[in-house]
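The values are calculated or read from the model by the stated rules, or taken from the named source; none is laboratory data. Keep in mind that this is a model prediction, so the values were computed, not measured. In this analysis, Cβ positions are derived from the backbone assuming ideal geometry, glycine residues included, and neighbour counts consider all displayed protein chains. These accessible areas exclude ligands, DNA and RNA; they are computed on the full protein's heavy atoms, side chains included. Shrake-Rupley method; radii C 1.70, N 1.55, O 1.52, S 1.80 Å.
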4 protein chains.
Amino acid sequence: MSGNTIGTLFAVTNFGESHGPAIGCVIDGCPPGLALSEADIQADLDRRRPGTSRHVTQRQEPDQVEILSGVYEGRTTGTPIALLIRNTDQRSKDYAAIAQSFRPGHADYTYWHKYGVRDPRGGGRSSARLTAPTVAAGAVARKWLAERYGTVLRGCMTQIGDIAIPFEGWEHVPHNPFFAPVADVSALEDYMDALRRAGDSCGARIRVQATRVPVGLGEPLFDKLDADIAHALMGLNAVKGVEIGAGFASVAQRGTTHGDSLSPEGFLSNNAGGILGGISTGQDIEASIAIKPTSSIISPRQSIDIHGQPAEVVTKGRHDPCVGIRATPIAEALLALVVMDHALRQRAQCGDVRQDVPPIPAVPRTPGSL
Amino acid sequence: MSGNTIGTLFAVTNFGESHGPAIGCVIDGCPPGLALSEADIQADLDRRRPGTSRHVTQRQEPDQVEILSGVYEGRTTGTPIALLIRNTDQRSKDYAAIAQSFRPGHADYTYWHKYGVRDPRGGGRSSARLTAPTVAAGAVARKWLAERYGTVLRGCMTQIGDIAIPFEGWEHVPHNPFFAPVADVSALEDYMDALRRAGDSCGARIRVQATRVPVGLGEPLFDKLDADIAHALMGLNAVKGVEIGAGFASVAQRGTTHGDSLSPEGFLSNNAGGILGGISTGQDIEASIAIKPTSSIISPRQSIDIHGQPAEVVTKGRHDPCVGIRATPIAEALLALVVMDHALRQRAQCGDVRQDVPPIPAVPRTPGSL
Amino acid sequence: MSGNTIGTLFAVTNFGESHGPAIGCVIDGCPPGLALSEADIQADLDRRRPGTSRHVTQRQEPDQVEILSGVYEGRTTGTPIALLIRNTDQRSKDYAAIAQSFRPGHADYTYWHKYGVRDPRGGGRSSARLTAPTVAAGAVARKWLAERYGTVLRGCMTQIGDIAIPFEGWEHVPHNPFFAPVADVSALEDYMDALRRAGDSCGARIRVQATRVPVGLGEPLFDKLDADIAHALMGLNAVKGVEIGAGFASVAQRGTTHGDSLSPEGFLSNNAGGILGGISTGQDIEASIAIKPTSSIISPRQSIDIHGQPAEVVTKGRHDPCVGIRATPIAEALLALVVMDHALRQRAQCGDVRQDVPPIPAVPRTPGSL
Amino acid sequence: MSGNTIGTLFAVTNFGESHGPAIGCVIDGCPPGLALSEADIQADLDRRRPGTSRHVTQRQEPDQVEILSGVYEGRTTGTPIALLIRNTDQRSKDYAAIAQSFRPGHADYTYWHKYGVRDPRGGGRSSARLTAPTVAAGAVARKWLAERYGTVLRGCMTQIGDIAIPFEGWEHVPHNPFFAPVADVSALEDYMDALRRAGDSCGARIRVQATRVPVGLGEPLFDKLDADIAHALMGLNAVKGVEIGAGFASVAQRGTTHGDSLSPEGFLSNNAGGILGGISTGQDIEASIAIKPTSSIISPRQSIDIHGQPAEVVTKGRHDPCVGIRATPIAEALLALVVMDHALRQRAQCGDVRQDVPPIPAVPRTPGSL
């Protein structure tokens, strides 16, 4: 109940600090019989790994995952899967100076008041480094979902700072460090280079999508599928907003246009983002998140120290000038964890439900459209 | 785990259907010794009650709450508080026609596929009527929070359809049916009248705020305070987006402006919305939600029936043309429930933490500003 | 988390006090489509009802249950089932005298220190009256289990005070007020009459059994099926001991006799009580509980008052001289709730597991034997 | 929800298999500021370690614990404490022969049917080796409880096979391999030597006690303190029975003797075992468990193979002839975990409760007496 577990039936408990000996997680509730190896997990970890372009932190972490339990002869056994990632490149000296003051926009102030003690090394527990085990757990969930339902999870950047990024195609996403769905990212690179020179940082907007999700996932009243997605995504470091489907644009829509019509061939639009009444419709689940600018910037900031006295803070160390750049695979992993959890919850309660009429098929739509 | 409970330590389990005999909830975990009567709860229920203006559903429900347990001689005993609200004005005949087809934008389709059975009377479990017990539970939470910490929860409408509503002052909110923070709501009334004549509906944007929240509430890693707020608010019927603090605007901000500076007199801005690293800072907690247009509209819509055949749907009955109009007290209640739960979680784990230096005071700000 | 909910997927939240307006529960997670009416529940409630013989409390409570939600047109909908039982025969004046002192063996002392406030009317929340909603919820579980798996739950008294009760046959159990598996209960009646005349009370031992439980229910490591049964049964008022299978007799057994051998025709004994490694074997689940003597006795007892001063306590009112007499249907209900919960948990995680070789059949055994 | 977590606020998630790379646990919810090092934990681990006498398994495991997270500069930070124990002495070849058949009294049969797959090496997940992380977590709990309340946890063996062990004094417990409270254990040694020569095994009875537990711990209705203790202890491998206080002896007691009288100087007896109405009284908490004879014996047993055909099973490998011998520190750890969890739950809900009259002191009693 101290908040380090996500999910109820596919429950992932995360542990570790940025500069402690190791980070990792324990997955409890994974169905047995799933073929699983470290290579299955490593691929996703590598997508969020730091140090892969000049636009992200230069910390070098191989993020090599070790499966400690729950897998026997290459298959999950139904018992907890413990995943371990050793920290290797901790330069704790970088952080000694900031232990005595609170960085604006950081969790320093709140951790210190909450716990009365704080691990200042690399942000300790509040570091985005702790998303690595989440990505690892998400890799297990997406593998099971893919094999069981054909579910596909993907995401892309749709805005960075002031620059809106058009959707040209999913095929571009793996080929640039921004996870941008465009062929040419030179404008983004120029933008980031200028920002870095200015000692500043910027935010980003990320879109994440799950296709081929079975109809019926999500629990009224409170644990709606969209509510749990919002919980997972808002819980990601630096996220300040979450939208499902049409999101904030729906405020200005009319009922005659927002409500997605149905035909025997499928839904005719997807303003709902694949969720109605908190339950999946079988359409693509669409979510979008706002990520704030990185708080760790080299420009001096006005703050106070732990004695309440004024202090100027300059954050050195190795930081992402836009934490949103590496957020796409993390958001995908979080969405996978939520869908996975609800898939198990659904068959627990409704495993005997059979319909004479199957769900309507998804209407083929332009890729990237809502 | 079927999703009808919100909160872990202040746990509220909701039950009932729109046209069943009764709706209600059970609050488990309320601290003992709180003075509590039905009148304390009724005041909040009356704020969300239907039938109070021409702009909302004309269903007449007194929403009279009965405390069934957990209170002895006017004080909570620490045992479960069961709250009961009898349904009185059910016109189920209105809904007979729609039992065979799926209303666009409604939960009909998903409930039917999830459960294989569906209570069509008034939307059954998916009705916004089920927010009444939530408001009732929220009233208990806000009373405890007010007495213990001086916490105040309030909300207002900031946009309806296309119309952005400026913030003139909290004092206006109780004096108009929109919970709008403006003196003159004639423009809103004209807008709604035209919409109703057109047989259409619109969305709304609601802001909700908690002041005097103690520093330190919220649990890393997953159950961050903002994550739990997002879960609660996105779980409210018709909500498609949630923002904390600067929200989606933070995407285009720079780190030098977004990160709230600190001084010995307090934080100098509140882009964070009162939460850093998932933990309350002591500043005002600020959240904003997008509510989609009501799906129940009189204009005919294209759909299918339960056999998969084409069907035209016209929704009669008594509906809110903008469900956002009555959403403000519900959003306040949900925020109260989340803050309450985390207040108990905080003292469970960190009840012994004492700081030599107290939290910095909140800087006096213009009311309504972030 | 305040302990008033049992079960994780079939979650029953109990509310009410002995002399409050009502008692009841909310069942969350019941599978949809189960035929259910108040009559289905009432039958079990009538079995535990007070006032049905001279050997139990003379309080007259019809214990009429009302289904408030979760059932539509005679079938469960998958949404929460709220069950309400109004209290009718509260004679609170009986309890006024004891509000100022602590009855030995009662929860008075602990409630007062825990909560700082205490509802003394009829024991308030600590009254055995609160087992009525548990029985009601258990009736729903056993109906689903019976229809889905053919599971049968039954129990009987095996000892009352000093008198061990031989097992003559299940068919006798419904025909005497003791739930004793014997044709002639005159010895038990004489024993109880003498005890009542002496103003004293005695304990009892109850056996409870579930047959036709599917193999595979129960979760290692902590939520073993036997662990959850122990939790449920030890949580019943006045229970001081729980055994599974051979129970405490297994201490003096040898491994060569205790371990139940297997043959193609089935297990050859059932010292395990139907559970190995915390998981059901498909054999009968067998549990046994020790119930302490009723604390509410008319004989004067030495105690203290709420100011810490010596006080003599005489408990008047209407009490069971042996609370074990009515415990059998309650223990059955609790066992049903645990099995039900684990049936849902099992198909959540392992719903895809298929074995080429089915479980071995249960070996026909003498009824009543382990 | 797959049962590998114990506790709600002090939540311990266990992972690992007997012959996998490692075992361990994650403790979520530990209060910050507790001084903690690996040495604090190692002492308890060494008490349950195998290979320390001829009466237990000869497997040699150093059981060296590593703290991976949650501790900074020697103090807990309030974030998850991950504990890792590498397996070193796995002789998996010993188990190859048994992978095809089901050992009587073992979890082989149930795991195979539940999960469809089974790690046969050393019993996999069902091995008593998995109690090591529980002992490690318990060490953290007991340290906090000792510092906060002066709580002391201790246990001893009270029966082995047919031999009842008298209580001579706690001081003898650390000085013999049986955790027996007697000066001379030669009779026990002779008994075990004979048993081992016979290729057989026996059961044991263990008593466990917590002193200086604050009054008020435990949650009605279902999560009573005794219910949670029963859950924890029955969840320990091989346990078939749990008693609180007078336990099964209370069946034959009268109300006039069972109910513990109170005086201004304290309770006059402790049949309740320190718990009334599910809530701690402040007296010693007393529990007792029955442990079945080890199932892994060298004598041939009748069984079946995974194809349902008859098979004779002989269990070689290194096994404890009485698993109860090493159970005492484990039972203490489990009791510590339950008390710890309820200590946090109590201050969450009732942290503001203040009594004018303090709890009555515990009456000095003969050590070892109930």
Exercise for the section: Among the numbered conditions (1) free of Cβ contacts under 8 Å to residues at least 24 places away in the same chain; (2) in a helix (DSSP H, G or I); (3) closer than 30 Å to D:D223 by Cβ, tell me where B:T79 comes up short. Expected result: (2)
Practice task
Take the stretch C:36-48 and flag every residue that is touching a strand residue (DSSP E or B) at 6+ places or on another chain (Cβ under 9 Å) and part of a helix (DSSP H, G or I).
Solution key: C:E38, C:I41, C:Q42, C:L45
Fill in the blank from the handout: Filtering the stretch B:159-173 down to residues that are aliphatic (A, V, I, L, M) and assigned to a strand (DSSP E or B) yields B:I160, B:I163, B:A164
Completion exercise
Of (1) hydroxyl-bearing (S, T, Y); (2) surrounded by fewer than 24 Cβ atoms within 10 Å (Cβ to Cβ); (3) within 20 Å of D:A287 (Cβ to Cβ), D:T134 fails just (2)
Exercise for the section: Take A:R103 and decide whether it is open to solvent by 10 Å² or more (accessible area, probe 1.4 Å), of a type outside the set (S, T, N, Q) and outside any strand (DSSP E or B). Expected result: no
Handout entry: Residue list for the stretch B:317-331, restricted to those being part of a loop (DSSP other than H, G, I, E, B) and touching a helix residue (DSSP H, G or I) at 6+ places or on another chain (Cβ under 6 Å)
Key = B:G317, B:P321
Problem - From the options C:D108, C:D89, residue that is of a type in the set (D, E), under 19 Å from C:D320 (Cα atoms) and within 14 Å of chain D (Cβ to nearest Cβ) - result: C:D108
Exercise for the section: May I ask you to verify whether C:G274 is touching a Leu at 6+ places or on another chain (Cβ under 9 Å), within 8 Å of chain D (Cβ to nearest Cβ), in contact (Cβ under 8 Å) with a residue 60 or more places away in the chain and of a type outside the set (V, I, T)? Expected result: no
Exercise for the section: Consider C:S288 carefully, then state whether it is at pLDDT below 95, open to solvent by 10 Å² or more (accessible area, probe 1.4 Å) and not in a helix (DSSP H, G or I). Expected result: no
Practice task
Given the conditions (1) within 14 Å of chain A (Cβ to nearest Cβ); (2) open to solvent by 20 Å² or more (accessible area, probe 1.4 Å); (3) among the aliphatic types (A, V, I, L, M); (4) touching a residue at least 40 places away in the same chain (Cβ under 8 Å), report the number of the one that B:I98 does not fulfil.
Solution key: (2)
Problem - Candidate set: the stretch C:112-131, residues that are free of Cβ contacts under 8 Å to residues at least 24 places away in the same chain and on the phi < 0 side of the Ramachandran plot; chosen: the one surrounded by the fewest Cβ atoms within 10 Å (Cβ to Cβ) - result: C:V117
Problem - Among the candidates D:A331, D:A249, D:A311, residue that is out of contact with any Lys or Arg (no Cβ under 6 Å at 6 or more places or on another chain) and within 20 Å of D:S18 (Cα to Cα) - result: D:A331
Completion exercise
Note on the stretch A:278-335: residues of a type in the set (S, T, N, Q) and without any contact (Cβ under 8 Å) to a residue 12 or more places away in the chain are A:Q309
Problem - Test: residue in the stretch B:200-220 that is free of Cβ contacts under 8 Å to residues at least 12 places away in the same chain and of a type in the set (G, A, S) - result: no
Exercise for the section: Please go through the stretch D:219-238 and pick out each residue that is among the hydrophobic types (A, V, I, L, M, F, W, C), part of a helix (DSSP H, G or I) and at the interface with another protein chain (Cβ under 8 Å from one of its Cβ atoms). Expected result: D:A227, D:I229, D:A230, D:A232, D:L233, D:M234
Practice task
Would you point out which residue out of B:Q58, B:Q42 is within 28 Å of C:H19 (Cβ to Cβ) and of a type in the set (S, T, N, Q)?
Solution key: B:Q42
Problem - C:I27 vs. criteria outside any strand (DSSP E or B), within 14 Å of another protein chain (Cβ to nearest Cβ) and either farther than 26 Å from B:V71 by Cα or not hydroxyl-bearing (S, T, Y) (or both) - result: no
Fill in the blank from the handout: The number of residues in the stretch C:182-203 that are crowded, with 24+ Cβ neighbours inside 10 Å and more than 12 Å from chain D (Cβ to nearest Cβ) is 1
Practice task
State whether the residues of the stretch A:204-227 include one that is in contact with a Cys (Cβ under 9 Å, 6 or more places away or on another chain), more than 22 Å from A:R49 (Cβ to Cβ) and surrounded by fewer than 20 Cβ atoms within 10 Å (Cβ to Cβ).
Solution key: no
Completion exercise
Of the conditions (1) modelled with pLDDT under 95; (2) under 15 Å from B:P359 (Cα atoms); (3) surrounded by 22 or more Cβ atoms within 10 Å (Cβ to Cβ), the single one that B:G259 does not satisfy is (2)
Problem - One residue from B:G3, B:G33, B:G51 being part of a loop (DSSP other than H, G, I, E, B), more than 14 Å from chain A (Cβ to nearest Cβ) and either at pLDDT below 95 or buried (at least 24 other Cβ atoms within 10 Å of the Cβ) (or both) - result: B:G51
Practice task
Look through the stretch A:139-151, keep the residues that are under 28 Å from A:A183 (Cα atoms) and within 15 Å of the chain's Cα centre (by Cα), and return whichever of them is most open to solvent (accessible area, probe 1.4 Å).
Solution key: A:R142
Handout entry: Which numbered condition A:D63 misses (of (1) open to solvent by 10 Å² or more (accessible area, probe 1.4 Å); (2) at pLDDT below 95; (3) within 21 Å of the chain's Cα centre (by Cα))
Key = (1)
Exercise for the section: Please tell me if A:A311 is more than 8 Å from chain B (Cβ to nearest Cβ) and in contact with a strand residue (DSSP E or B) (Cβ under 7 Å, 6 or more places away or on another chain). Expected result: yes
Practice task
Please specify each residue of the stretch A:264-285 satisfying the condition of being open to solvent by 10 Å² or more (accessible area, probe 1.4 Å) and among the hydroxyl-bearing types (S, T, Y).
Solution key: A:S269
Practice task
Can you confirm whether the stretch D:186-195 contains a residue that is under 20 Å from D:G155 (Cβ atoms), more than 17 Å from the chain's Cα centre (by Cα) and not in a helix (DSSP H, G or I)?
Solution key: no
Practice task
Of all residues in the stretch D:342-368, count the ones that are more than 10 Å from chain B (Cβ to nearest Cβ) and modelled with pLDDT of 95 or more.
Solution key: 1
Exercise for the section: Kindly indicate the residue of the stretch B:239-271 that is assigned to a strand (DSSP E or B) and at the interface with another protein chain (Cβ under 7 Å from one of its Cβ atoms) and also farthest from the chain's Cα centre (by Cα) among those meeting that condition. Expected result: B:S263
Problem - Residue satisfying all of: in the stretch A:98-138; more than 19 Å from A:N14 (Cα to Cα) and charged (D, E, K, R); nearest to the chain's Cα centre (by Cα) among these - result: A:D108
